[in-house]
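A quick write-up on the structure given underneath.
Bear in mind that the values in this text are calculations on the coordinates, not laboratory data. Fair warning: this is a prediction, and the values are worked out from it, not measured in the lab. All Cβ positions, glycine included, derive from the backbone under ideal geometry; neighbour counts span all protein chains shown.
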Amino acid sequence: MSPILVCRGLDAGYHRRPVVRGFELEVEPGEIVALLGANGAGKTTSLLTMAGLMPPIRGQIVVGGKVLNHSRPYLGARAGIALVPDDKCLFTTLSVADNVSFGRRGKAALADATAYFPALEKRLKVDAGVLSGGEQQMLALARALVANPKVMLIDELSMGLAPVIVQDILAVVRRIARERDTAVVLVEQHVRMALGVADRAVVLAHGDVVLEESATALRANPELLREAYLGRNAVHSH
């Protein structure tokens with residue numbers, strides 16, 4: 001199977017100063033890759049650049065075989081990338097249904113959203129601002145989902161949520177990837193939970209990829225992750 005998302009030699013950062021250097025990544029349809037690392041490692045910068053919201057300093061991002069043009073931020077979405085940011089970016093004074101409609105309009109979109117997140121079905125007329133934290137995260141994911149993206153980039157899904165809610169939502173993310181062949185890049189501080197749904201993990205330390213390994217191997221050998229987080233060893237495996 002050919003990868004749907006490819007990053008080649010990506011340098012990403014601010015004011016032409018790279019925070020992430022030489023980033024390489026390939027994600028296949030239906031695959032979940034956990035992008036891990038300590039705070040400040042460059043995870044969010046990588047996601048924003050992949051989404052087309054920040055121009056790369058160097059390198060390429062390829063979606064569906066086409067090089068992403070970063071001249072206009074909306075081109076990332078048009079190419080099939082959906083970003084779910086850590087602050088969710090919901091329209092808090094609009095209803096759940098109205099928020100979903102920004103991803104795709106119509107009853108079919110609402111049916112799509114509630115099929116994966118049935119808890120939203122009774123909340124469609126409620127303003128997003130009065131939802132619980134878990135419901136808001138579901139809504140942010142649903143809005144991205146109904147746009148039928150090829151790639152979903154999810155930043156810190158667990159922020160402010162109880163672990164049991166995070167586990168439930170991550171299970172839905174796994175289902176979305178499997179049923180819709182959506183490639184997912186997941187930035188997550190809850191490493192154990194991320195590895196529970198991911199196929200592979202890539203670890204960043206100080207802007208460099210220091211470890212790439214299957215989630216199964218990392219669950220079996222957490223010492224590899226610990227050393228990667230500490231930045232002691234650069235290990236690239238497949």
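See the values below:
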quantity	calculated
Value of [θ]222 nm, deg cm²/dmol, for the chain, DSSP H segments ≥ 4, -39500 (n - 2.57) each, nearest 500	-10000 deg cm²/dmol
Value of relative contact order over the chain, rounded to a whole percent, pairs C-alpha under 8 Å and six or more apart	25
Protection proxy ranking, peptides 18-24, 78-84, 130-136, 93-99, average beta carbon neighbours within 10 Å, highest first	78-84, 18-24, 93-99, 130-136
When segment 112-231 is reduced to its Cα atoms, the Kirkwood hydrodynamic radius in Å	15.5
For Ser158, residues with placed amide H under 5 Å, excluding near neighbours	Gln189
Shape parameters for segment 1-142, alpha-carbon atoms, Rg then Dmax in Å	16.9, 47
Binned Cα-Cα distances of the chain, short to long, each 5 Å bin given as a whole percent	1, 7, 15, 19, 20, 17, 12, 7, 3, 1, 0
Modelled FRET efficiency - R0 41 Å, Ala119 with Arg58, Cβ distances, 0.05 increments	0.45
Peptides 140-148, 34-42 ordered by average Cβ neighbours within 10 Å, highest first	140-148, 34-42
Gyration tensor verdict on segment 12-85 (Cα atoms; rounded if a/c is under 1.5, prolate if a/b is larger than b/c, oblate otherwise)	oblate
Spin-label model distance (nm) - Leu94 vs Asp127, 7 Å beyond Cα toward Cβ	1.5
Among Leu120, Leu153, Leu161: highest mean-square fluctuation, GNM of the chain, C-alpha pairs under 10 Å	Leu161
